[in-house]
Amino acid sequence: MIVDPDVRFSDALEQWLHSDAPKSLGSMNEVFAEKTFAVAIAILMAVSATPLPTGGITLVFQIGAGLMAAQMVLGRRTIWVPKRWCHHEMGRTTTTRTVPFLVRRVRWLEGHSRPRWARLFHQRWFLRLQGLVIVVLAIVASLAPPFTFLDTLPALGAVMIAAAIMLEDIVVLIVGYIIGTGGIVLFISVGAAMVRLVERLF
């Protein structure tokens, strides 16, 4: 069953969450089709996007988001994972905290956005470009040292880009670009400052 275009995306996501369907990537692919990439990337990057210390535990999520975005770059329409993982259920924390958190944020965005330049989000080259941008943001987030919060802005930028794909809103996409670029600039600036400090000490 594919999401009804007349149903708000947050409602569709919530309906899937409370349905009897298994909470797995395979089930998500069946319901959200090509937008599964956006949903999965938003879920994986959501924890990093919050300004809370994670101690590097989100690194695996960032790598996972980067690999999924790489599949977007390659032009895949649905997420490919090994068969044994396809129907692997998401953890309780994901289904009781992360996904509901994402539903609330998407619903808030829906109240402040509308489809703008929606046709772009159906173009293969455009989705590949977004995948490439998310790959870059995921790499930057994964390189950030633990407890520095330098992964927050790149991750938030990736989440906003994923939300823009869900909502087909170019304005949300631009906001994601601005946040993500700010995160990259901050990462480079802090990194350069640390290099200069080390040079002075040694």
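Where a number appears in this text, it was derived from the coordinates with a stated rule and is not lab data. No experiment lies behind these values; they were computed from the predicted model shown. So basically every Cβ, Gly included, is an ideal-geometry build from the backbone, and we count neighbours across all protein chains shown.
Report the one residue of A158, Q15, F187 whose Cα lies farthest in the direction of the positive end of the charge dipole of the chain (charges on C-beta: Lys and Arg +1, Asp and Glu -1; origin at the Cα centre).
Checked the options; the winner is F187.
Provide the descending list of Cα extents for segment 9-201 along its principal axes, expressed in whole angstroms.
In descending order, the Cα extents are 59, 36, 32 Å.
Quick one: length gained pulling K83 to R119 fully straight, 0.36 nm per residue minus the C-alpha distance?
Extra length from K83 to R119 when fully extended: 9.7 nm.
Rg and Dmax of segment 64-133 over Cα atoms: what are they, in angstrom?
Answer for segment 64-133, Rg first and Dmax second: 15.0, 40 Å.
How do I161, I79, I170 rank when sorted from fewest to most other Cβ atoms within 10 Å of their own Cβ?
Placing the least packed residue first, the sequence is I170, I79, I161.
Order these by the 10 Å Cβ neighbour count, fewest first: F37, F101. Mind showing how you got there, number by number?
Numbers: F37 28, F101 16.
So the residues, fewest neighbours to most, are F101, F37.
Once every DSSP H run of n ≥ 4 in the chain is given -39500 (n - 2.57) and the sum is divided by its residues, what mean residue ellipticity at 222 nm do you get, rounded to the nearest 500 deg cm²/dmol?
Mean residue ellipticity, 222 nm, calculated: -20500 deg cm²/dmol.
About the Cα centre, and with charges only on the beta carbon of Lys, Arg (+1) and Asp, Glu (-1), how big is the dipole of the chain? Nearest 20 debye, please.
Its charge dipole is roughly 300 debye.
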